[in-house]
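Reading through the structure tokens given below for one structure.
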Amino acid sequence: MSSSTTLRINSATFTDELLATNDLSAYYGVRKAVGNVSIVFQRRAITALIGPSGCGKTTLLRCFNRLHELSFEARVEGTVLLDGEDIYVNDADPMAIRRRIGMVFQRPNPFPTLSIVENTMAYGGRGLTRAEKFERAERALRAAALWDEVKDKLKSSPLRLSGGQQQRLCIARAIAAEPEVLLMDEPTASLDPIATAVIEELMASLAEQFMIVAVTHNMQQAARVSDVTAFMLADETGVGRLIEVDETAKLFTKPADRRTEDYITGRFG
Amino acid sequence: MRNQHLGRRRIYATLGTLLALCCAALGAAALLAILGYVVVQGIGVINWTFLTQLPTPVGVPGGGVGNGILGTLIIIGIATAMALPIGLLTGIYLALFGRGSIPEALRFLSDVLSGVPSIAIGLFAYAVLVAPLKHFSAFSASFAFMMLMLPLLVRTSEQAIRSVPQTVREGALALGMSNFRATWRIVLPTARPAIITALLLAIARVTGETAPLLFTAFGSQFWETNPNSPMAVLALQVFNYAISPYPNWQAQAWAGAFVLVFAVFALSLGARLALRRAMRGFEA
């Protein structure tokens, strides 16, 4: 595979492209963590990024909302296109991009000093009246399947919630801003199996409204929740490479690349 | 052979523990002795008059340090009003953009400043605010106190902001908040208890300072509230009374020392309580 060819799935089902990268590389100082990734994400689909630890999945994900550049001496080469516009051109505003591309982190990170409802509306909600803000908070909390559990304690601290509830609050917080894309960085990594199942169900229902890109190191989870799966692997110099992208069912049953097959059959990683 | 070694090790371990305990007891005893002595000597003189009245001339019984207590509050209040914003904003700057030579230089200067003897800082305040204006003033004392509080506030508020988990900050930025808004609305409130702790400790640090006051606030016999004039300060009164030859002034010095120790004690206790509240927030 040449590094410049864009990996896209050959399917008539998915034709609506919202997010794409072209020859994207990410660095920490001189260390190249992700190398020459070209990939296209579909609008109405959950894409899972899988691969062994240290293959650059999270770094790649953090390039999509320009969070990568916050790390020490981090930089990005290549382009990321959101609806055809490069989010890395000079006058692109990271804040505006992050409004359109929300993110859920590996560990629940509710804002400790804000109440549950304040957390939900933390993005601001400028121009909305109080009633409209509350309405939007309720809608987000319902969409995150959390409303019934918190509706009687909206003004209390989020730190009293369980880990799974906190993570759903973070999802509500991300979708309240009504982004187009939802990035999820191992959203169930710190949760127990029951809370994980709740989040996975939630992802399926959210996919009707948002494009989702989810990093996971759990292949079963990728197989369960995603429509499309992308497999990444670090090469011998430690640079994360995109190996293969395909419809999930196909990638897990008939992988095109030998390395993908080795990984999903558990021969390494 | 092995058992012999084990026995010797056990003896060493016991000896070590005993030694550590003795040293801890010695340290605690010294502190308790000071506290106890100040309480015993001072508490008899403390009464409402002492806390609220002006000093009386030598030989006239009664009198108090009311103006000194008020002066202490005014001078520390002005010092805090200047030191808190500067210290906090510098701390924010160091925590957010803390890499590179300028922040490193700032940190180094701040550490050096915290080691400068307070009398030297008092001299500096004298040189820039007293000598040119040709009169002592409470404000020059506030300025000296500010310089004493600054390094403490800078380094502790930097630490407090750094101790807020990076994920909380990134969560705010990922919602499209500006760097400033994320810091102001999310990171700072999370760090607030630790910052309050630092502030209380900084205030406690200067409450008992006397050296910089000698040639700045200077002292006063009256109810002085104008920061541009010489002002009575409790620590200064304690100093002057303690070195006087009059027994009733010496007694009042002990009472003043008791008030100072009590104030510092209360501030430290408040700082601990604030910190404990902060820790509770992070447990969940």
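Laid out as a table, the results:
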{"quantity": "Relative contact order (percent, whole number), chain A, Cα cutoff 8 Å, 6+ residue spacing", "calculated": "26 percent"}
{"quantity": "Overall Cα dimensions of the stretch B:65-129, principal axis frame, Å, largest first", "calculated": "49, 22, 18"}
{"quantity": "Charge tally in the Cβ shell below 13 Å around A:Gln165, where Lys, Arg are +1 and Asp, Glu are -1, A:Gln165 excluded", "calculated": "+2"}
{"quantity": "Pairs of Lys in the protein assembly as shown closer than 25 Å at Cα, counting only those 8 or more apart or on different chains", "calculated": "6"}
{"quantity": "Among B:Met147, B:Pro212, B:Gln159 - extreme Cα towards positive end, dipole of the stretch B:119-239, charges at beta-carbon", "calculated": "B:Gln159"}
{"quantity": "For A:58-65, mean number of other protein chain Cβ atoms within 10 Å", "calculated": "1"}
{"quantity": "5 Å binning of all Cα-Cα separations within the stretch A:83-139, expressed as whole percents from 0 upward", "calculated": "4, 14, 19, 19, 18, 12, 10, 2"}
{"quantity": "Distant-in-sequence amide H partners of A:Ala234 (H built 1.01 Å from N, under 5 Å)", "calculated": "A:Arg241"}
{"quantity": "Full-stretch length increase - B:Leu89, B:Leu106 - with 0.36 nm per residue and alpha-carbon distance subtracted", "calculated": "4.9 nm"}
{"quantity": "Per-peptide average of other Cβ atoms within 10 Å, ordering B:101-111, A:179-189 highest first", "calculated": "A:179-189, B:101-111"}
{"quantity": "The stretch B:159-284: relative contact order as a whole-number percent, Cα under 8 Å and 6+ apart", "calculated": "26 percent"}
{"quantity": "At R0 = 56 Å, FRET efficiency that the Cβ-Cβ distance of B:Ser114 and A:Ser53 yields, to 0.05", "calculated": "0.85"}
{"quantity": "Amide H within-cut-off set for A:Glu180, under 5 Å, with H built and near neighbours excluded", "calculated": "A:Ile101, A:Gly102"}
{"quantity": "Interchain or long-range residues, amide H under 5 Å from A:Val215's placed H", "calculated": "A:Leu49, A:Met184, A:Asp185, A:Glu186"}
{"quantity": "Extended-chain gain in nm, criterion 0.36 nm per residue less alpha-carbon gap, B:Val60 and B:Trp184", "calculated": "39.1 nm"}
{"quantity": "Rg in Å to one decimal, and Dmax rounded to a whole Å, for the protein assembly as shown via C-alpha atoms", "calculated": "31.9, 104"}
{"quantity": "Cα convex hull volume per residue for chain B (Å³)", "calculated": "218 Å³"}
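Rule-based calculations on the coordinates, nothing more; no lab input. Since the structure is predicted, the reported quantities are computational estimates derived from the model, not experimental observations. So basically every Cβ, Gly included, is an ideal-geometry build from the backbone, and we count neighbours across all protein chains shown.
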